[in-house]
Amino acid sequence: MTAVEFKEKMQKGDEVLVGKLKGAKSPDEAYTAAKAAGLNDSKEAFVAQMKEMHDKYTKMTDEDLKAVAGGGSTTDLISAAVSVVSAFAAAA
């Protein structure tokens, strides 16, 4: 699947996938987890989609957050995206 499709899968609440990315300790670990989950795209495309998701969710209002996936899984999505973006930023 493309990086866009991968991001959409995360946003639909794939808790196992979100958990794996949230726990990634390095860029390679995050990308490996994404590839194992079916990603068939470049690291650059993957990071770009995680950054887009991170930016989207960190700029939402409290009202927006309550409307997304019942509000419960949004924190995990943000954490996963932050972990991935931070890991790649630290390695750059």
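The values are calculated or read from the model by the stated rules, or taken from the named source; none is laboratory data. Since the model is a prediction, treat every value here as computed from it, not as a measurement.
Looking at (1) over 14 Å from ALA81 (Cα atoms); (2) of a type in the set (S, T, N, Q); (3) at pLDDT 80 or above, which is the only condition GLN49 fails?
All conditions pass for GLN49, except number (1).
Out of the helices (runs of 4 or more DSSP H) lying entirely within region 1-43, which hold 1 or more residues that are modelled with pLDDT of 85 or more?
3-11, 27-36
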